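The values are calculated or read from the model by the stated rules, or taken from the named source; none is laboratory data. A quick note: this is a predicted structure, and the numbers were derived from the prediction, not measured. Backbone-built Cβ (ideal geometry, glycine too); neighbour counts: all protein chains shown. Remember, those area values only see protein heavy atoms, side chains included, never the ligands or the DNA or RNA. Shrake-Rupley method; radii C 1.70, N 1.55, O 1.52, S 1.80 Å.
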Amino acid sequence: MHELGLCDAIVKMMDGILEQERMEGANKIVLEIGELSGVEAHFMEDSWIAVTARTKYEDTELQIEMVPGIARCLDCGEECRAVTCNLRCPLCGSVKLAPISGTDMTIKSIEAY
Amino acid sequence: MDKFRVIEVKQSIFENNDKQAEELRKELKEQGVYLLNLMSSPGSGKTTTLSRTIEALRDEMKIGVMEADIDSDVDARTIEQLGAKAIQLHTGGMCHLDADMTRQGIENFGVDGLDLVILENVGNLVCPAEFDTGASKNAMVLSVPEGHDKPLKYPLMFSVCDVVLVNKMDVLPYFDFDMEKCKEYVHMRNPKATVIPICAKTGEGMEQWFDWLRREVAQWNA
């Protein structure tokens, strides 16, 4: 349940970005969440409501876009979706997989006013 | 109506924490303070391991302990009685510590003159693995009753750990725990991890662990 802390971090980042851009507030924020980031989208949505309640972001809509978690096999180079391959290369069976995408969470954009 | 504007941000949320962690690590290096982030699931014997470690090393180095475990049964006073400086951190129910919380702890604690600070992270194998605390190295305690397949179930935790202490070796005969498999699974997630079988209660393997720590602290201050 670290989504609450992450929402808090996002609010602080938004404060900084809006100040820098000389904007007042935001109608919408778009987040990209990697499948391998360990962040649960529905917990983020609940936490967002709790963290922004009675703040200037109370009416800011949170939009989430998921980024697939892709892993590459270090033995044969095959790429697979990490959550469906059971941490084994579907081609050669190796367990030496390295994630190449979907481990991060980023603020993609903010619709500011 | 040009009052509305879409700002393309593309800024990582974790990056912020990673940056703060790197800064903290650098500062601690300059101060000669080795910070060990100790992680485990609840009930693995982390606190007993910690107590034995303090007893063994307290005459060689100045040790501090930052307790962040929400359900810790050892309070700061007990640790202080063992001869270490201690502080209880309040995570406010949070499941992990991040670099900023660690920094606040370090600043409140005052690490001047300490050689080794052990951060007892929240007993949880998921969240603490995801946030770099700024520690010099990461250690985890895995106990025999938890099973040798833990590295398969919590891959991230094992991939970030530099040393894995397999605790409660005294009960090994009563469990279907395969040490070779355990080592194999740990090395699958992190080929560089050191695995040390220990028993904090009987002292088995503890010397090897103390030596690992001694080497680490010496290298950090070299």
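Data for the structure
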quantity: Any chance B:Ser40 is among the small types (Gly, Ala, Ser) and at pLDDT 90 or above; calculated: yes
quantity: Residue that is among the aliphatic types (A, V, I, L, M) and touching a Phe, Trp or Tyr at 6+ places or on another chain (Cβ under 6 Å), where the choices are B:Ala76, B:Ala56, B:Ala68; calculated: B:Ala56
quantity: Failed criterion for B:Ile79 (all others in (1) farther than 21 Å from B:Trp220 by Cβ; (2) β-branched (Val, Ile, Thr); (3) modelled with pLDDT of 85 or more hold); calculated: (3)
quantity: Near pairs, Cβ below 8 angstrom, 6+ apart or cross-chain, from segment A:1-22 (more than 7 Å from chain B (Cβ to nearest Cβ) and under 11 Å from B:Ile13 (Cβ atoms)) to any residue that is among the aliphatic types (A, V, I, L, M) and surrounded by fewer than 18 Cβ atoms within 10 Å (Cβ to Cβ); calculated: A:Cys7/A:Ala50
quantity: Check on B:Asn221, touching a residue at least 12 places away in the same chain (Cβ under 8 Å), of a type in the set (S, T, N, Q) and touching a Pro at 6+ places or on another chain (Cβ under 9 Å); calculated: no
quantity: One residue from A:Met44, A:Met13 being modelled with pLDDT of 95 or more and not polar (S, T, N, Q); calculated: A:Met44
quantity: Cβ pairs under 8 Å, 6+ apart, first in segment B:126-150 and at positive phi, second open to solvent by 10 Å² or more (accessible area, probe 1.4 Å); calculated: B:Gly134/B:Gln20; B:Gly134/B:Glu22; B:Gly134/B:Glu23; B:Gly134/B:Arg25; B:Gly134/B:Arg103; B:Gly147/B:Phe175; B:Gly147/B:Asp176; B:Gly147/B:Phe177
quantity: All positions within segment B:2-25 that are more than 25 Å from A:Thr103 (Cα to Cα) and more than 7 Å from chain A (Cβ to nearest Cβ); calculated: B:Asp2
quantity: Whichever residue in segment B:89-99 is more than 9 Å from chain A (Cβ to nearest Cβ) and modelled with pLDDT of 85 or more and, among such residues, is surrounded by the fewest Cβ atoms within 10 Å (Cβ to Cβ); calculated: B:Ala99
quantity: Within segment A:56-80, tally of residues that are within 19 Å of B:Ser159 (Cα to Cα) and either open to solvent by less than 60 Å² (accessible area, probe 1.4 Å) or assigned to a strand (DSSP E or B) (or both); calculated: 5
quantity: Condition check for B:Leu97: within 19 Å of B:Lys137 (Cα to Cα) and within 18 Å of the chain's Cα centre (by Cα); calculated: yes
quantity: Subset of segment A:81-97 (residues that are within 10 Å of another protein chain (Cβ to nearest Cβ) and exposed (fewer than 14 other Cβ atoms within 10 Å of the Cβ)); calculated: A:Asn86
quantity: Tabulated pairs, segment B:174-202, first of a type in the set (Ser, Thr, Tyr), second part of a helix (DSSP H, G or I), C-beta under 8 angstrom, 6+ apart or interchain; calculated: B:Tyr185/B:Lys150; B:Tyr185/B:Pro151; B:Tyr185/B:Leu152; B:Tyr185/B:Phe158; B:Thr194/B:Trp212; B:Thr202/B:Met169; B:Thr202/B:Asp170
quantity: Some residue of segment B:7-22 being surrounded by 14 or more Cβ atoms within 10 Å (Cβ to Cβ), in contact (Cβ under 8 Å) with a residue 24 or more places away in the chain and over 23 Å from A:Ser47 (Cβ atoms); calculated: no
